[in-house]
Amino acid sequence: MPMKMTIILLLACAMLNFSPTIHALETDQFYTWGKPIEDSTEYLNAWVQLRIQSVLDTRVADSPMDCEAVVKKVQASLQNSLYHPMDLWISSSKLVDRIPRGLEESREYRARYLMTKLYRLDTARLLEPSATVEVNNIRIGADKLAHFFSQGWWYYKKWKKNRDDYTQDELQRFLVEYGINLELGALGAKLTGVTSPGDLEANYQGFLFYRQLCHGDEPLLYRQEGRWQFPDTFDFRDYVSPGWDESWNPNIYHKRRWKKIRPAMLTYCPLLHSPWVKQQRKFYRELETQTLTAQIVKEWVADGKLPDPQTFAITTVCQDGQNQN
Amino acid sequence: MNLHLKALITFLLICLPFFSIPALADNEIADPASNQETVTRELALQRVQQELGNVEKRWYGLTRVRWSYPQKLSAGFGAMLVEQPKDADCLTGCAIRGWHFEVEPGLYGIQGGIGWGSLVGETGRTKRLMHIVHFGWAVRGVVMRTWGDAHLDPRSQTLAGIEGSFSITRLNMSVGVLRTLSSEATGDWVISVGFGMGF
């Protein structure tokens with residue numbers, strides 16, 4: 001019995017170390033409105049480049065692995081436990097500009113951000129909130145990069161498993177719907193009461209990234225003199241869109257949480273018509289295209305399977321607030 | 001061949017490379033934006049490489065308060081030795097992993113442990129004390145000496161074994177399997193269970 005217990009204990013610890021990253025971390029881009037953040041695209045690209053190339057140089061090196069086996073190794077290095085390595089690097093790096101940054105800003109952020117009025121023991125508040133960074137002038141929660149690499153991988157595995165059973169269009173829809181169900185389950189609504197269409201956008205782009213590694217006309221991974229290489233052209237600009245910004249692409253909140261989140265969101269209303277926010281939203285409007293994820297979310301809303309995210313949009317909240325006054 | 005033509009060909013052969021140099025240079029600077037992008041990318045790569053590669057060994061303090069069997073109320077203090085980028089700080093959060101030790105005196109015993117663990121936590125103003133642990137796990141080899149009203153027979157005995165510890169959102173759970181080292185003990189094995197805060 002004691003020996004069995006020891007083995008169970010060790011296995012449990014090992015499983016925890018290798019468990020897939022869960023991203024229920026919440027973020028708040030409203031909080032950053034009007035506050036300057038330096039664009040960190042190049043540093044984030046560099047981190048990915050170094051991380052992947054380091055795996056290729058050390059763990060893959062001269063082994064005769066095929067591309068899919070190499071991708072598995074690459075993905076394993078992009079995964080930690082509950083928190084994503086990139087998210088963790090961002091929070092401790094001197095290079096990546098972010099909000100909040102430093103101890104005082106962090107305290108103020110935790111005291112004012114969207115989740116601050118939730119009960120202290122609410123999981124949405126208990127989990128460390130994600131900082132906001134800027135990529136290609138688009139503000140995103142660092143958690144989105146984790147979604148990109150982790151849930152993007154889950155999509156990719158589903159894609160590989162099911163690609164012979166569906167047409168291309170059916171398969172894309174299947175993946176997005178799989179993502180919506182994840183957001184409605186333990187990765188979103190069930191754990192924190194938040195379903196994030198922004199997370200879904202990041203997930204899908206992550207899937208495209210993993211697919212590009214070994215598939216398509218010019219796969220990203222290639223062999224040079226027998227060694228696997230990752231191109232230095234990887235660029236988050238190719239993937240990040242305004243849909244990743246939760247102040248632009250609104251979340252869906254569980255009724256009980258919404259009661260506490262709405263008053264916090266109302267505090268941002270005075271900023272909605274500030275020149276900075278107007279300019280940013282104009283910029284987003286110009287960039288935005290209808291993505292497959294957004295289209296499927298709309299269909300789910302129309303079918304009554306998902307509450308309308310626009311109910312929780314800052315514009316709706318501020319308009320309702322004005323009408324009530 | 002006409003002498004003039006020969007002279008012209010010779011002239012072209014000798015001088016063409018000189019004419020072509022500016023042409024090549026023109027090509028190279030034809031897209032200054034692209035060049036600028038490459039330089040920016042290279043610079044970013046160097047800086048990130050420098051930040052990640054310039055590491056040092058550091059100690060981080062660890063604490064734990066828990067209720068456990070057979071120690072009852074106990075408080076643990078220890079430290080973890082980690083290798084971390086010099087520029088990184090854990091004021092608002094970071095991940096560390098490494099070898100660590102912990103000494104944990106309690107009401108009915110004292111436990112000492114050495115093991116390997118990984119955690120995501122923050123030091124706040126303390127800079128070196130991981131006083132908030134968001135997530136972490138550890139496996140430790142432990143030695144425990146019990147006394148007082150510990151529900152063991154004999155009450156004072158020495159045990160040794162292994163403990164697994166898991167922390168999430170500051171809460172800590174631990175389970176250990178220990179074997180008595182005392183010859184007069186009635187049972188060989190003791191399962192220790194604890195619940196508290198810290199790492």
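We did not get these values from a lab; they are worked out from the coordinates using the rules stated. Quick caveat, the model's predicted, so the values are computed rather than measured. Note: ideal-geometry Cβ built from the backbone for every residue, glycine included; neighbour counts use all protein chains shown.
Taking the 0 to 90 degree range and rounding to the nearest ten, how far is the long axis of helix A:255-266 tilted relative to the main principal axis of chain A, both from C-alpha atoms?
70 degrees
Take the Cα of B:E184, step 7 Å along the line toward its Cβ, and report every residue of region B:143-167 whose backbone nitrogen sits under 11 Å from that point.
So the set is B:154-157.
What residue among A:L187, A:L292, A:L44 shows peak mean-square fluctuation when chain A is described by a Gaussian network model with Cα springs under 10 Å?
Evaluated over chain A, the most mobile residue of the options is A:L292.
For region A:121-135, in order, what is each residue's ³J(HN,Hα) by Karplus, 6.51 cos²θ - 1.76 cosθ + 1.60 with θ = phi - 60°, in whole Hz (x at glycine and Pro)?
Using θ = phi - 60°, the values come out as 9, 5, 4, 5, 9, 5, 6, 4, x, 8, 7, 9, 10, 10, 10 Hz.
Using the per-residue mean of other Cβ atoms lying within 10 Å as a proxy for protection, in what order, highest first, do the peptides B:71-77, A:211-217 fall?
B:71-77, A:211-217
Can you list the residues, at least 5 places off or on another chain, whose amide H is less than 5 Å from the amide H of B:S192, using H built in the peptide plane?
B:G176, B:V177, B:L178
Once you compute Rg and the Kirkwood Rh from C-alpha atoms, what is the Rg to Rh ratio for the protein assembly as shown?
Rg divided by Rh gives 1.08.
For B:K86, what residues show an amide H to amide H distance below 5 Å, using hydrogens built from the backbone and excluding near sequence neighbours?
B:N54, B:V55, B:E56
Direction-averaged shadow area of the convex hull around the Cα atoms of region A:76-235, nm²?
11.7 nm²
Pairing the Cα long axis of helix A:197-214 with the longest principal axis of chain A, what angle in degrees results, from 0 to 90 and rounded to the nearest 10?
On a 0 to 90 degree scale, this one is about 20.
Two decimals, Cα atoms only, Kirkwood Rh: what is Rg/Rh over region B:92-199?
1.04
Roughly how crowded by other chains is peptide A:226-238, in terms of the mean Cβ count from those chains within 10 Å of each of its Cβ atoms?
Neighbouring Cβ atoms belonging to other protein chains average 1 per residue here.
A:D39: net charge of surrounding residues, Cβ under 9 Å, Lys/Arg +1, Asp/Glu -1, itself excluded?
Within the 9 Å Cβ shell, the charges total -4.
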